[in-house]
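Reading through the structure tokens given below for one structure.
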Amino acid sequence: MRGRKSKELKFKNLKKSNINQKFKTLKQLQKTFETEEVKYMALFTNRSLRPAKKLCDITGLPAKYTCPRTGLFYYDTACYNLICESKIDNIDRIKSLKCFGLSLNPFKKRY
């Protein structure tokens, strides 16, 4: 092996593409991100196609029953008694809190 040179493999059509490649500027990167950007607004504004879970309006536990007088969901008889004893003003406040997040858009501009 003395005196022998190691053989180098030479390919005729081999081009080194990364040697003269320059870094991209921020404007170039911004254009690529704008075209490939996921529209996060669409993710947050869409409502679910699944029906909403029935949760107790008092405790937050899964509700099996609905009050026939008020339409509120409740977990057990203790919650039902509390709903029956409460005033109409309190029931209206609970109903307004249930519907609060349905029309809320976090990306909407506020003036």
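Taking label points 7 Å from Cα along the Cα-to-Cβ direction, Leu26 and Asp76 give a separation of 6.0 nm. In segment 52-100, the C-alpha radius of gyration followed by the widest Cα-Cα span (Dmax) gives 9.9, 27 angstrom.
Readers should treat all values here as calculations from the given coordinates under stated rules, not as data from a laboratory. Since the structure is predicted, the reported quantities are computational estimates derived from the model, not experimental observations. Quick reminder, even Gly has a Cβ in these numbers, built from the backbone with ideal geometry, and neighbours come from all protein chains shown.
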